[in-house]
Amino acid sequence: NAGVTQTPKFQVLKTGQSMTLQCAQDMNHNSMYWYRQDPGMGLRLIYYSASEGTTDKGEVPNGYNVSRLNKREFSLRLESAAPSQTSVYFCASKSGGDLKNIQYFGAGTRLSVL
Amino acid sequence: QKEVEQDPGPLSVPEGAIVSLNCTYSNSAFQYFMWYRQYSRKGPELLMYTYSSGNKEDGRFTAQVDKSSKYISLFIRDSQPSDSATYLCAITDSWGKLQFGAGTQVVVTP
């Protein structure tokens with residue numbers, strides 16, 4: 001019963017390097033989300049995908065791009081990493097039509113940009 | 001000003017004590033109110049949700065919502081060391097977006 005799986009779990013980048021964070025869910029959910037979590041800031045939405053084929057910006061999208069590859073997978077790309085992007089990144093998913101918006105989270109990717 | 005405010009703590013209590021956590025919110029259009037629990041180096045997991053004013057109990061946990069004051073609370077009775085975690089309040093707005101509080105770190109000491 002995997003739920004939401006994120007890879008990698010840890011990553012260290014140098015400023016200017018690029019990388020893609022991967023996320024996959026096996027719950028047949030329509031909606032998927034990318035958040036970052038910083039001390040004292042809580043969870044902030046970067047991008048989301050309400051359904052396969054659609055993506056929208058969240059609260060803090062600058063410096064990131066996303067791809068909804070299929071219903072299961074939603075990736076987050078950092079084209080040119082900056083130290084301000086050092087954070088813990090969480091992927092989440094939600095069943096379509098759920099008005100309560102209960103989201104299920106992965107274990108996170110801890111990213112350090114030097 | 002954030003739409004959902006939560007004291008980050010840390011909140012340290014002895015085992016067996018009642019833990020009281022609170023959030024305030026500014027938007028009266030918020031509809032669903034949730035509490036997530038996050039253990040260290042893990043993702044948040046849903047603990048409880050409610051959509052109306054009043055209390056909802058689940059074992060040792062009670063969620064309370066006061067819409068007139070825009071105030072939500074979570075109480076943990078008979079706290080255990082295994083309750084040590086960060087607790088995040090989360091509220092769904094009328095557009096279906098989830099707004100999180102900053103999270104309160106709770107430490108229950110044996």
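The values are calculated or read from the model by the stated rules, or taken from the named source; none is laboratory data. The model shown is predicted, which means the values in this text are computed figures rather than measured ones. Cβ sites come from the backbone with ideal geometry, for glycine too, and all protein chains shown count toward neighbours. In case anyone asks, the SASA skips ligands and DNA or RNA and just uses the protein heavy atoms, side chains included. Shrake-Rupley method; radii C 1.70, N 1.55, O 1.52, S 1.80 Å.
B:ASP83 contributes an accessible area of around 0 Å² to the protein surface, as traced by a 1.4 Å probe with all chains present.
Probe radius 1.4 Å, ligands and nucleic acids left out: which of B:ASP66, B:ASP78 has the largest accessible area, and how do the rest follow? Kindly include the intermediate steps, with their values, before the conclusion.
Working: B:ASP66 60, B:ASP78 80 Å².
Result of the area sort, largest leading: B:ASP78, B:ASP66.
Using modelled backbone amide H atoms (1.01 Å from N, in-plane), which distant-in-sequence or interchain residues come within less than 5 Å of A:GLY108's amide H? Long-range HN contacts for A:GLY108: A:GLN6, A:CYS91.
With N as its number of residues, the protein assembly as shown has a Cα radius of gyration that, divided by 2.2 N^0.38 Å, comes to 1.02.
Take the accessible area of chain B alone and of chain A alone, subtract that of the pair, and you get about 1600 Å² summed over both chains, using a 1.4 Å probe. Over chain B, the alpha carbon radius of gyration divided by the compact-protein estimate 2.2 N^0.38 Å works out to 1.01.
Distance from the C-alpha centroid of the range B:48-92 to that of the range A:53-109: 27 Å, rounded to the whole angstrom. Accessible surface of A:ARG36, taken over heavy atoms with a 1.4 Å probe and every protein chain present, rounds to 20 Å². Computed from the C-beta positions of A:GLU59 and A:LYS14, the FRET efficiency with R₀ = 25 Å rounds to 0.40.
Among the residues of B:84-96, the average count of other protein chain beta-carbon atoms within 10 Å of the residue beta-carbon is 2.
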